[in-house]
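Scroll down for the structure; my scribbles are underneath it.
The values are calculated or read from the model by the stated rules, or taken from the named source; none is laboratory data. Predicted model only: the values in this text are computed from it and were never measured. Note that we place each Cβ from the backbone using ideal geometry, even for glycine, and neighbour counts take in every protein chain shown. Surface accessibility is based on the protein's heavy atoms, side chains included, excluding ligands, DNA and RNA. Shrake-Rupley method; radii C 1.70, N 1.55, O 1.52, S 1.80 Å.
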Amino acid sequence: MNGKRILLIIGGGIAAYKACELVRLIRKQGGDVTCVLTEGGAHFVTAMTLAALSENPVHTTLWDLKNEVEMGHIQLSRQADLVVVCPATADLMARMAGGIANDLATTLLLATDKPVLAIPAMNVRMWQHPATVRNVATLRGDGVAVMQPDEGAMACGEFGPGRLPEPVVIAAEIARMLGTATGPLSGKHVLITAGPTHEPIDPVRYIANRSSGKQGFAIAAAAAQAGAKVTLVAGPVNLDTPQGVTRINVETARQMAAAVDAALPADVAIMVAAVADWRSAGEAVQKIKKDGSGQVPPLQLVENPDILATLCKSDRRPQLVVGFAAETNDVLDHARAKLARKGADWIVANDVATHAMGGEINGLHIVSAAGVESLPELPKAAAAAALIERIANALA
Ligand code: CTP
């Protein structure tokens with residue numbers, strides 16, 4: 001971790017004991033770690049243990065006169081390269097989401113201008129409680145990276161999501177956020193679109209397609225695992241955000257186009273989304289009603305912007321642009337035509353007549369000026385890993 005400075009806030013939960021192991025791993029990987037122990041955290045681990053492992057003083061209170069003369073809490077929050085909250089308890093996240101600053105930890109979190117990574121750990125019912133769900137959504141909206149807890153048997157005897165991920169996994173995420181992760185795509189920004197778009201007709205109806213988003217999300221996960229900074233612009237799908245991926249939710253093609261533009265510059269763009277080619281010419285403000293005459297209302301369509309083609313022509317065009325093509329017939333011919341028409345470097349074609357959209361398996365063909373490489377039929381995660389490997393090789 002190249003001497004980068006991590007401020008580690010330890011909340012009051014049984015998983016706090018794993019924070020000791022995390023401190024050891026950060027030190028082993030060359031990071032500098034300063035611990036802040038909440039009052040609750042101090043019931044589970046001691047300041048002595050953390051000081052010995054981190055080789056730094058441990059901070060526990062806001063009311064330390066010596067520190068406050070130097071505005072210690074402001075300094076602590078600004079000196080760090082990354083602030084990590086581990087374990088992030090339901091209470092700590094609720095206070096963070098509410099902007100409450102009633103102890104040293106929450107004051108630091110409110111005062112910091114550095115990226116924050118929260119690693120929740122709690123009982124499954126607490127994790128699934130609407131209040132926690134709401135607080136996590138608020139934190140993510142505020143730009144806090146909230147890791148997904150693991151699923152399994154818990155200290156309280158229950159089973160489900162809420163376990164702290166293994167310290168090695170947390171350390172890898174810290175390295176990724178610090179930009180010190182090593183992987184074939186480390187230091188690269190990969191921009192991915194995924195899922196369908198919804199084009200409203202009126203407040204209750206929309207035009208959509210059968211894209212599930214699974215392949216695009218799997219590619220985002222594989223790119224993050226390869227060490228890339230990943231921005232995933234996602235249409236309306238009900239999928240968890242892969243670890244280490246920044247997700248931007250959109251609904252329409254025009255919103256997707258704007259989100260892609262805002263996410264630039266990128267080194268690689270992989271446009272997996274099934275963007276609706278057309279939208280309704282005029283979205284009705286009120287629900288369109290049957291008038292009893294048997295007449296069908298006219299549905300006038302207009303063309304949506306072509307996000308891929310626009311990106312290829314842009315003066316901020318990424319070094320490698322990859323498009324996707326879901327085809328039902330003449331797969332390779334259509335893919336070659338799209339490669340030329342859109343100006344992409346590669347078109348990844350899949351036959352949705354053989355592998356229906358939404359399934360778990362894909363047979364991808366990578367079409368480029370160099371020819372065609374057909375991958376075997378693979379589960380979507382494996383197909384994603386194979387594609388990311390080829391992308392990393394192309395950039396090397
Ligand atoms: N694409 C896009 N913006 C659009 C339409 C498509 O960015 N408005 C991208 C898709 O994300 C994909 C590629 O272009 O990477 C090919 O999409 P596809 O829908 O197959 O291409 P179309 O040009 O719409 O061709 P078709 O006539 O087969 O629908």
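A few points about this structure:
- Region 93-115: number of residues that are touching a Gly at 6+ places or on another chain (Cβ under 8 Å) and under 18 Å from VAL23 (Cβ atoms): 1
- The lone exception for LEU332 - which of (1) within 23 Å of VAL372 (Cβ to Cβ); (2) more than 10 Å from the ligand (Cβ to nearest atom); (3) open to solvent by less than 20 Å² (accessible area, probe 1.4 Å) it fails: (3)
- If you check ALA284, ALA274 for being over 20 Å from the mean Cα position of the chain (by Cα) and in the same structural domain as VAL204 (by TED's automatic domain parsing), only one passes: ALA284.
- Residue selected from region 302-323 under the condition under 19 Å from ASN209 (Cβ atoms) and open to solvent by 40 Å² or more (accessible area, probe 1.4 Å), by the criterion nearest to the ligand (Cβ to nearest atom): ASP306
- Of all residues in region 154-164 being at pLDDT 90 or above and open to solvent by less than 10 Å² (accessible area, probe 1.4 Å), the one that is farthest from MET122 (Cα to Cα): LEU164
- Enumerated helices (runs of 4 or more DSSP H) restricted to region 72-131, each holding at least 2 residues that are surrounded by 15 or more Cβ atoms within 10 Å (Cβ to Cβ), at pLDDT 95 or above and out of contact with any Lys or Arg (no Cβ under 6 Å at 6 or more places or on another chain): 90-98, 104-111, 124-128
- Residue-level check: of (1) closer than 20 Å to ALA344 by Cα; (2) surrounded by 21 or more Cβ atoms within 10 Å (Cβ to Cβ), GLY235 misses just (1).
- No other residue among ALA222, ALA284, ALA259 is more than 14 Å from the ligand (Cβ to nearest atom), at negative phi and in a helix (DSSP H, G or I) apart from ALA222.
- Any hit, region 199-214, residues being part of a helix (DSSP H, G or I) and either farther than 17 Å from ALA145 by Cβ or within 12 Å of the ligand (Cβ to nearest atom) (or both): yes
- Near pairs, Cβ below 7 angstrom, 6+ apart or cross-chain, from region 250-276 (of a type in the set (D, E, K, R)) to any residue that is within 8 Å of the ligand (Cβ to nearest atom): ARG254/ASN304; ARG254/PRO305
- Count of region 144-153 residues which are open to solvent by less than 60 Å² (accessible area, probe 1.4 Å) and part of a loop (DSSP other than H, G, I, E, B): 3
- Test: ALA353 is within 13 Å of the ligand (Cβ to nearest atom), in contact (Cβ under 8 Å) with a residue 12 or more places away in the chain and either under 25 Å from ALA259 (Cα atoms) or in a loop (DSSP other than H, G, I, E, B) (or both): no
- Applying the set (1) touching a residue at least 40 places away in the same chain (Cβ under 8 Å); (2) open to solvent by 70 Å² or more (accessible area, probe 1.4 Å); (3) among the small types (Gly, Ala, Ser) to GLY358 leaves exactly one unmet item: (2).
- Selection status of THR252, in the same structural domain as GLN300 (by TED's automatic domain parsing) and in contact with a Ser or Thr (Cβ under 6 Å, 6 or more places away or on another chain): yes
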